[in-house]
1. State the percentage of accessible surface on the range 71-123 attributable to carbon and sulfur atoms; use a 1.4 Å probe and exclude ligands, DNA and RNA.
2. Could you grab the relative contact order for the range 131-181? Cα pairs under 8 Å, six or more apart, rounded to a whole percent.
3. With the crude spin-label approximation of a point 7 Å out along Cα→Cβ, what separation in nm comes out for residue 97 versus residue 45?
4. Computed over the Cα atoms of the chain, what is the convex hull's projected area averaged over all directions, in nm²?
5. Of 32, 96, 74, which is farthest on the positive side of the dipole of the chain, counting Cα position, with +1 on Lys and Arg Cβ, -1 on Asp and Glu Cβ, and the Cα centre as origin?
6. Which part of the range 60-83 falls in the paramagnetic zone of residue 24, meaning amide N under 20 Å from the point 7 Å along Cα-to-beta-carbon?
7. Just need the relative contact order of the range 95-184 here, percent rounded to a whole number, with Cα pairs under 8 Å and 6+ apart.
8. Apply 1/(1 + (r/R0)^6) to the Cβ-Cβ distance of residue 33 and residue 115, taking R0 = 41 Å, and write down the FRET efficiency to the nearest 0.05.
Amino acid sequence: SGALLLVVGNATAPAAQDLALRTRFEAWGYTVSLIDDGDAASAFTTAASSQDVAYVSGTVSDTTLGTKLTALPIGVVSEEGALNDELGFAAGATTSVEVDLDVVDNSHYLTAAFVPGNVRIHDLPMRLSRVSGAEAAGLQTLGNADGAGALSVIEMGGLLSSGAAAAARRVKLPFDGVGGVNWD
């Protein structure tokens with residue numbers, strides 16, 4: 001349960017995948033509020049004051065959203081690899097086509113249920129987003145795709161790629177924003 005800020009490409013007319021996300025999160029007990037990636041930074045700051053976490057949909061534009069989430073004092077979960085630099089995970093992003101995520105660290109509660117090694121996350125080969133370039137000093141890689149960090153976290157206070165401390169936990173999901181995730 002909790003309050004979840006769903007960051008989408010169009011809050012007025014959400015894409016089908018964003019509606020599916022909202023439905024899934026509400027089924028899990030979250031109260032979901034939508035915010036448009038094009039809203040002013042002040043709108044994000046105001047919204048964050050009543051939210052527990054922001055979830056960034058793959059429908060956002062990394063250039064439109066920019067760094068509006070970077071310093072927010074709430075958790076941020078992102079399925080948009082193009083935001084790796086803005087959110088402070090790494091200098092950039094690449095993709096690889098995979099069906100499995102290679103769990104390399106199961107000491108974190110996000111991966112504690114998995115034995116290290118390959119975990120099937122797709123039925124068919126799909127693009128997975130990975131970090132590339134200089135990684136944040138506080139980055140903890142939990143899972144790889146083709147040898148690079150695809151599921152990663154930075155804990156509150158951990159150093160972002162900019163050298164600033166993360167205001168709250170940051171989670172980089174392995175999903176590639178292009179085409180979105182089929183949450184069914």
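1. Carbon and sulfur: 54 percent of the exposed surface of the range 71-123.
2. Relative contact order here is 30 percent.
3. Using points 7 Å along Cα→Cβ, the separation is 4.5 nm.
4. Answer in nm², one decimal: 9.6.
5. Sorting the options by dipole projection puts first 74.
6. 60-62, 75-83
7. 25
8. That pair, residue 33 with residue 115, gives E of 0.65.
The values are calculated or read from the model by the stated rules, or taken from the named source; none is laboratory data. Note that the structure is predicted; figures quoted are calculated from it, not measured. Cβ: placed from backbone, ideal geometry, glycine included. Neighbour counts: every protein chain shown. Surface areas here come from the heavy atoms of the whole protein model, side chains and all, with no ligands, DNA or RNA. Shrake-Rupley method; radii C 1.70, N 1.55, O 1.52, S 1.80 Å.
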